[in-house]
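Below: the structure, in structure tokens.
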Amino acid sequence: MSIPAFRARFYTALFSLAVCAAPAHAEIEHTNLAATPAIVPFLAMYIAEDAHIWEQQQLDVKVVNVAGLATMNAVIAGSADFALSTGGSITRAAAHGQKLLAIAELNNQNGQIIVLRKELAETAHFDPNAPLAERAKVLKGRTMAITGVGSVADSFLKVIANAGGVDPNSITVAMMGGPDLLAAFSRRAIDGMAVSLPYPQQVVYDGTAVVVADGTNGEPADLSPVASAMVITRPQFCAEHRSICIKMGHSMVLASSFLMERKDEAFAILKKRFPAINENVLASSYDAVRRMTQSPPLTTLSALQNGDLMNSKAGFLMPEDKVASYDDLFTNEFVK
């Protein structure tokens, strides 16, 4: 065999070996996530989608918009792989024998704000600088909008009412969300609302409402920190689809870092998601969600415990029904 022919065969063989040894292109995996639509505390999720973080992690995520507790129920039923929910929701589910697993804690404060119509507050001689227990008394006998019975908004309203010595049953609740809240408030169909950003901030900015309690600022103090906007799944899902959980967890690490460190780009995504909301209101909402954001999104035991305590104070769970241990309700292995 001539030297040129030998060299040709040698390099052909070498190339073939290199191709065989090269890692295959990472496979795109498909999953879905249930989330309550259009609330600012889910900004990290919006970033994961709009900044193509999921895509870069070879993860194709279909976001399914459903309201309140339906997100968690979708995971329990197996119709969704993941959901964004709260620590109080998963501990309550566990107490009833429906164990879930949190793999990331995006927020460590309650994202709910309670506001009341300004003229009603003025008539009641409301002092916005008074201690929370005093401020909460203004809720007695009011008609308040929440996102759903048994939701974190419902829990927050009941806890704050109790803090002021107000019987939660004296408060009439109306279930609604998004733009319906602002329309109902504008026509005086409701006295106030206990909901998430940006809707309470919008009516405060308009000068028609005052803040009674602000969960984004650590109220009530005895329930802070509290696990919120947690990425949850079924325990067996991560056992059976570990690579998907790794990609989802790492995506949340990148998204929370993006939110904290790339303000202009994160704010642009927020404006895209809430085009009808005043830019100054969105700026306030961004500041609120930034101070609530965990980066990296590690779940803490104290935040889960406070979520469970919130259940008890809201009357959703008897103290004796609490789970004995929270250890198998969360893992941080996917967000390290």
For the pair residue 236 and residue 79, the simple spin-label estimate (label points 7 Å beyond Cα toward Cβ) gives in nm 1.9 nm
For 187, 234, what ranking results if the residue with the fewest other Cβ atoms within 10 Å of its Cβ goes first?
-> 187, 234
In nm, to one decimal, how far is the modelled label at residue 328 from the one at residue 32, with both set 7 Å along Cα→Cβ?
-> 2.8 nm
On full extension of the chain, what length is gained from residue 140 through residue 123, given 0.36 nm per residue of separation minus the C-alpha to C-alpha distance?
-> 4.8 nm
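For 75, 166, what ranking results if the residue with the fewest other Cβ atoms within 10 Å of its Cβ goes first? Can you show the working numbers first?
Values: 75 25, 166 21.
Taking fewest neighbouring Cβ atoms as first place, the list is 166, 75.
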Computed over the Cα atoms of the stretch 155-278, what is the convex hull's projected area averaged over all directions, in nm²?
-> 10.6 nm²
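Percent of alpha carbon pairs in the stretch 217-328 separated by more than 25 Å?
Details: 2465 of 6216 pairs.
Summing the P(r) tail past 25 Å for the stretch 217-328 gives 40 percent.
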Apply the Debye scattering formula to the stretch 112-221, with a single equal point scatterer on each alpha-carbon and no solvent, then give log10 I(q)/I(0) at q = 0.15, 0.16, 0.18, 0.19 Å⁻¹.
-> -0.52, -0.60, -0.78, -0.88
Which one of 153, 130, 303 has the biggest mean-square fluctuation once the chain is modelled by GNM with Cα springs under 10 Å?
-> 130
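Calculated FRET efficiency, residue 205 and residue 265, Cβ-Cβ r, R0 22 Å, to nearest 0.05?
Once rounded, the FRET efficiency stands at 0.40.
Pull out the extension gain between residue 172 and residue 279, defined as 0.36 nm times the separation in residues minus the alpha carbon to alpha carbon distance; nm, one decimal.
35.3 nm
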Within the chain, longest stretch free of exposed GluC sites (Glu not before Pro) [DSSP loop, at most 15 other beta carbons within 10 Å] = 28-332
Inter-part gap, Cα centre of the stretch 222-287 to Cα centre of the stretch 148-188, in whole angstrom, is 25 Å
Give the share of C-alpha pairs in each 20 angstrom bin for the chain, from 0 to the last occupied bin, in whole percents, shortest bins first.
-> 31, 51, 11, 5, 2, 0
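Sort 176, 318, 252 so the one with the fewest other Cβ atoms within 10 Å of its own Cβ comes first. Intermediate values should be presented prior to the final figure.
Numbers: 176 20, 318 10, 252 28.
Ordered from fewest to most neighbouring Cβ atoms within 10 Å, 176, 318, 252 come out as 318, 176, 252.
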Relative to the compact-globule scaling 2.2 N^0.38 Å, provide the ratio for the alpha-carbon radius of gyration of the stretch 37-93.
-> 1.20
Put a dot 7 Å past each Cα toward the Cβ at residue 298 and residue 133; how far apart are the dots in nm?
-> 3.5 nm
Set 247/271; 263/313; 140/271 screened for pairs whose C-alpha atoms are more than 30 Å apart = 263/313; 140/271
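FYI, it's all coordinate maths here, none of it is from the lab. Because the structure is predicted, anything quoted here is derived from the model rather than measured. FYI the Cβ positions are ideal-geometry reconstructions off the backbone, even for glycines, and counts take in every protein chain you see.
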